[in-house]
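To keep things clear, I will list the structure first and then write my remarks on it.
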Amino acid sequence: MSKLPPYVTRELIHERLPIIFPEGTTNRNYIIREMAASTIFTMLYIGAVEGEETFIGPVHVYRMTTEQSTLADDESRKDYGKKAMSKGFQPEGKRWYADNTREPIRDETLREGLIQVGAVISKVGLPTTSSRPRYALQKDFAKLFDPDLLDEELDKAIKDWQDKNLSAAARTRISLASRTADENSERVLVTFPNGEARNLSAGLSSIISKAVVEVFAHKFLKRPAVLWLSTSDAKVTFVDDVVAKAIGLDIEADKNLPDVILADLGTPEPLLIFIEVVATDGPISERRKSALYEISDKAGFDRKHIVFVTAYRERQVQPFRKTIPDLAWGSFAWFMSEPEHLIFLSNDDRKLFEF
């Protein structure tokens, strides 16, 4: 094990948290309370910091005692890190928390709190049901609790960390990383605009589909409805026949159907949005566009009320670079890492520049 971080008290951590996380920070109440300070203390105590091979689970936190926490030598700290997961192990002294605090430590403090703001990372590749330790402090965040970092140097370090992690763009990157880390979880729960929820099969395609339904649909449509959603292991995961038939669309399981069909019911004429989700390949190409037009033509839709979208995880990675030459003119590309924006491949023959 590498050298441990400098020893720091829980009280100092608790004192700095409200400064690091100002008013308006996501789930601030979860990440400035004493339980958050206890969790961060335990991570620093055993050296669970990004770049190392040490991680904690909630058990490390709720088994910590006041007496154990005052043992500042490296041997005692490392020993606690190794033994805390052992069945029946309990260090001497007064425990900080009871066993039934496992859930608030895991769900509120870590998953909904510190991970969401980029202060904690979660080990990729572990199933969500695994009890193995998976959490560690982000490296730069851990440095903010160095007891020798004081006054102006501390203020500057906090400001630099906030600029990198608490901006809107940073939160999007963090959210993306968190979702991608869950690719190995057993199922992906997606909530439709009407409040209904469905479990999708695990994997990146399902994660992107979830973002399409929960983020894209609400951001770009006035009154969104999901008419069709399919995954690789179950061709018909969801179909809303009632709404589809009400707007004149007869949906049949067909090889030409896209991954997602949305409708905007808030426009004078319903808008139909065909979406292909690309984890590896399969964008809205000219061939796919023509095949989908056959479906909408058959239903009597005016083509000016049809929209084509290819959804990706992000534009800096291979799937987008690989498929961009195949994207159809007149279609859009959307990225879950940059949800505010769309790329449009214009096929308008009007002059764009006049001199």
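With θ taken as phi - 60° and the Karplus curve 6.51 cos²θ - 1.76 cosθ + 1.60 applied, the whole-hertz 3J(HN,Hα) list for the range 89-102 is 6, 7, x, 5, x, 7, 5, 6, 9, 7, 4, 6, 8, 3 Hz, x standing for glycine and proline. Can you classify the range 10-182 as rounded, prolate or oblate using the Cα gyration tensor, where a ≥ b ≥ c are the square roots of its eigenvalues, rounded means a/c under 1.5, and otherwise it's prolate if a/b beats b/c and oblate if not? Taking the square roots of the gyration eigenvalues as a ≥ b ≥ c, the range 10-182 is oblate.
Extension gain, Val215 to Asp160, is 16.9 nm, computed as 0.36 nm per intervening residue step minus the present C-alpha separation.
Need one number: % antiparallel among DSSP beta bridges in the chain, to the nearest 5. Of those bridges, close to 70 percent are antiparallel. Summarising the amide proton neighbourhood of Leu327: residues at separation of 5 or more, or on other chains, whose placed amide H is nearer than 5 Å comprise an empty set. With springs only between Cα atoms under 10 Å, which of Lys210, Lys123, Lys159 fluctuates most in a Gaussian network model of the chain? Most flexible of the set in this elastic network: Lys159.
Indicate the gyration tensor shape class of the chain (rounded, prolate or oblate), computed on the Cα atoms with a ≥ b ≥ c the square roots of the eigenvalues: a/c under 1.5 is rounded; otherwise a/b larger than b/c is prolate and the rest oblate. It comes out prolate by the Cα gyration axes.
Considering helices alone, the calculated mean residue ellipticity of the chain at 222 nm is -9000 deg cm²/dmol, with DSSP H runs of length four and up weighted by -39500 (n - 2.57) and normalised per residue. For the range 21-27, the Karplus equation 6.51 cos²θ - 1.76 cosθ + 1.60, evaluated at θ = phi - 60°, returns couplings of 10, x, 3, x, 5, 3, 6 Hz by residue, with Gly and Pro reported as x.
This model, with +1 at the C-beta of Lys and Arg and -1 at the C-beta of Asp and Glu, gives the range 10-182 a dipole about its Cα centre of some 860 debye.
Positive end of the dipole of the chain (Cβ unit charges, origin at the Cα centre): among Val215, Val61, Ser38, the Cα lying farthest that way belongs to Val61. Farthest towards the positive end of the charge dipole of the chain, among the residues Leu327, Val188, Ile306, is the Cα of Val188, using unit charges on the Cβ of Lys, Arg, Asp and Glu.
Summarising the amide proton neighbourhood of Val277: residues at separation of 5 or more, or on other chains, whose placed amide H is nearer than 5 Å comprise Asp259, Val260, Ala311.
Summarising the amide proton neighbourhood of Leu227: residues at separation of 5 or more, or on other chains, whose placed amide H is nearer than 5 Å comprise Ile261, Leu262, Ala263. Starting from the Cα gyration tensor of the range 188-345, take the square roots of the eigenvalues, sort them a ≥ b ≥ c, and report rounded, prolate or oblate (rounded when a/c is under 1.5, otherwise prolate if a/b is larger than b/c, else oblate). It is rounded, given that a/c, with a ≥ b ≥ c, falls under 1.5.
Relative to the Cα centre, the charge distribution of the range 188-345, modelled as +1 at Lys and Arg Cβ and -1 at Asp and Glu Cβ, gives a dipole magnitude of about 280 debye. Each part reduced to its alpha carbon centroid, the range 78-126 and the range 7-56 end up 12 Å apart. Shown here for the range 298-353: trypsin sites (Lys or Arg not before Pro) in loop regions (DSSP other than H, G, I, E, B) with at most 15 other Cβ atoms within 10 Å, namely Arg350, Lys351. Sorting the segments 38-44, 195-201 by their mean number of nearby beta carbons within 10 angstrom, highest to lowest, gives 38-44, 195-201. Note on Val242 and Asp302: their simple-model spin labels are 2.9 nm apart, each label 7 Å out from Cα toward Cβ. Taken about its Cα centre, the range 46-87 carries a charge dipole of roughly 300 debye when the Cβ of each Lys and Arg holds +1 and the Cβ of each Asp and Glu holds -1.
For the range 1-70, applying the loop criterion from DSSP together with a ceiling of 15 other beta carbons within 10 Å to the GluC sites (Glu not before Pro) yields Glu23, Glu50, Glu53.
Any read-out appearing in this document is the output of simple, stated calculations on the displayed coordinates, not a laboratory observation. Just so we're clear, the structure is a prediction, and the values are computed from it rather than from any experiment. Ideal geometry is used to build each Cβ from the backbone, glycine not excepted, and the neighbour counts take in all protein chains shown.
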